[in-house]
Amino acid sequence: MLNIHLVPCLRDNYAYLVHEPQSNAVAIVDPSDAAPIFAALKQHKLTLTHIFNTHHHWDHTGGNLDLKKETGAKITGPKLDADRIPGIDIGVAEGDTVELGRAHAQILDIPAHTKHHIAFWFGDDNAVFTGDTMFAMGCGRLFEGTPAQMWKSLNKLAALPGETRVYCGHEYTLSNGKFAVTVEPNNAGLRKRVAEVERLRADNKPTIPSTIAQERETNPFLRAASRDLRTTLGMLDASDVDVFAETRKRKDSF
Ligand code: ZN
Ligand code: FE
């Protein structure tokens with residue numbers, strides 16, 4: 001079983017140390033910056049062997065080169081974005097499997113935030129690293145893709161087993177939750193979760209990981225079928241993609 005440690009970086013990023021104890025393989029997912037990763041490795045007495053990047057943005061790859069130089073860790077990232085991933089060794093895409101000691105992740109292509117964004121899904125360990133595609137109660141901005149692409153990417157993640165833990169790239173949960181209740185005011189499960197998240201953040205505690213089951217119930221960007229959401233938007237008969245696109249648009253100016 002994997003041990004997963006959150007490593008807060010920059011203002012609100014999370015990198016994740018993923019330790020496979022049988023072989024002592026250790027990956028860092030989306031290192032924003034090398035310094036907090038070196039500190040976390042020291043704290044947990046681990047030696048880095050792998051770097052996994054979900055997408056090319058600097059707040060997910062900024063630590064790549066310093067970490068690689070110091071540890072020799074191999075960098076795995078989206079193949080089709082290889083020229084934008086600093087120091088990349090292994091390019092991967094959907095259908096590929098990435099080994100971490102005795103654990104293995106399947107790669108899912110989840111474009112739209114960036115053109116070639118990937119997820120690392122450790123199915124046997126019930127964990128998925130979603131970068132800036134799916135956040136807790138939220139989703140990434142559409143920098144390099146369309147609403148239809150993002151809707152498809154999010155639904156690919158939502159189709160994973162409900163108990164899958166979701167490790168996303170940022171601590172945006174509270175503001176996502178505050179937005180979610182404005183568009184789905186009658187979702188009781190959502191209100192309960194937002195109250196929980198408010199308590200955690202008041203104590204400065206992380207809200208990550210959530211689970212796919214929780215996201216299906218409370219993430220407005222997965223809930224285009226919700227009558228409550230559609231009523232708020234005045235889009236009872238619109239397509240799911242159009243409802244998603246309008247929800248995303250409203251969040252952009254929330
Ligand atoms: Zn990003
Ligand atoms: Fe980011």
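The values are calculated or read from the model by the stated rules, or taken from the named source; none is laboratory data. This one's a predicted model, so the numbers in the text were calculated from it and none came from an experiment. Glycine also receives a Cβ, built like all others from the backbone with ideal geometry; neighbour counts cover every protein chain displayed. We work out accessible area using only protein heavy atoms, side chains counted, and drop any ligands, DNA or RNA first. Shrake-Rupley method; radii C 1.70, N 1.55, O 1.52, S 1.80 Å.
Among the residues examined, residue 141 qualifies as surrounded by fewer than 17 Cβ atoms within 10 Å (Cβ to Cβ), under 13 Å from the mean Cα position of the chain (by Cα) and in contact (Cβ under 8 Å) with a residue 12 or more places away in the chain.
Any residue that is of a type in the set (Lys, Arg), touching a strand residue (DSSP E or B) at 6+ places or on another chain (Cβ under 9 Å) and modelled with pLDDT of 95 or more - is there at least one of those in segment 35-57? Talk me through it step by step, then tell me what you get.
Narrowing segment 35-57 to residues of a type in the set (Lys, Arg): 42, 45.
Retained after the next criterion (residues that are touching a strand residue (DSSP E or B) at 6+ places or on another chain (Cβ under 9 Å)): none.
No - not one qualifying residue is present in segment 35-57.
Apart from one condition, residue 20 fits all of (1) touching a strand residue (DSSP E or B) at 6+ places or on another chain (Cβ under 7 Å); (2) open to solvent by less than 10 Å² (accessible area, probe 1.4 Å); (3) free of Cβ contacts under 8 Å to residues at least 60 places away in the same chain; the exception is (3).
Only one of the listed residues (77, 145, 91, 87) is over 25 Å from residue 208 (Cα atoms) and assigned to a strand (DSSP E or B). That residue is 91. Residue 155 fulfils the conditions (1) crowded, with 24+ Cβ neighbours inside 10 Å; (2) touching a residue at least 60 places away in the same chain (Cβ under 8 Å) except for a single criterion, (1). One residue alone among 238, 224, 180 is modelled with pLDDT of 95 or more, in a loop (DSSP other than H, G, I, E, B), surrounded by 22 or more Cβ atoms within 10 Å (Cβ to Cβ) and among the hydrophobic types (A, V, I, L, M, F, W, C), and that residue is 224.
Need at least 3 residues that are within 16 Å of ligand 2 (Cβ to nearest atom) per element, so show me which strands (runs of 3 or more DSSP E) inside segment 4-73 make the cut, counting only ones lying wholly within it.
Details: elements: 13-20, 25-29, 50-52.
Once the strands (runs of 3 or more DSSP E) in segment 4-73 are filtered for at least 3 residues that are within 16 Å of ligand 2 (Cβ to nearest atom), what remains is 13-20.
Of the residues examined, residue 198 is not one that is farther than 24 Å from residue 52 by Cβ, open to solvent by less than 30 Å² (accessible area, probe 1.4 Å) and charged (D, E, K, R). For segment 241-254, what are the residues that are open to solvent by 10 Å² or more (accessible area, probe 1.4 Å) and either within 20 Å of the chain's Cα centre (by Cα) or among the basic types (Lys, Arg) (or both)? Answer for segment 241-254, where residues must be open to solvent by 10 Å² or more (accessible area, probe 1.4 Å) and either within 20 Å of the chain's Cα centre (by Cα) or among the basic types (Lys, Arg) (or both): 245, 248, 249, 250, 251, 252. Working only within segment 155-171, note down all residues that are within 16 Å of ligand 2 (Cβ to nearest atom) and not in a strand (DSSP E or B). Matches in segment 155-171: 169, 171. Screening the candidates 61, 114, 133 for the property of being among the hydroxyl-bearing types (Ser, Thr, Tyr), closer than 28 Å to residue 194 by Cβ, surrounded by 19 or more Cβ atoms within 10 Å (Cβ to Cβ) and within 15 Å of ligand 1 (Cβ to nearest atom) yields one hit, 133.
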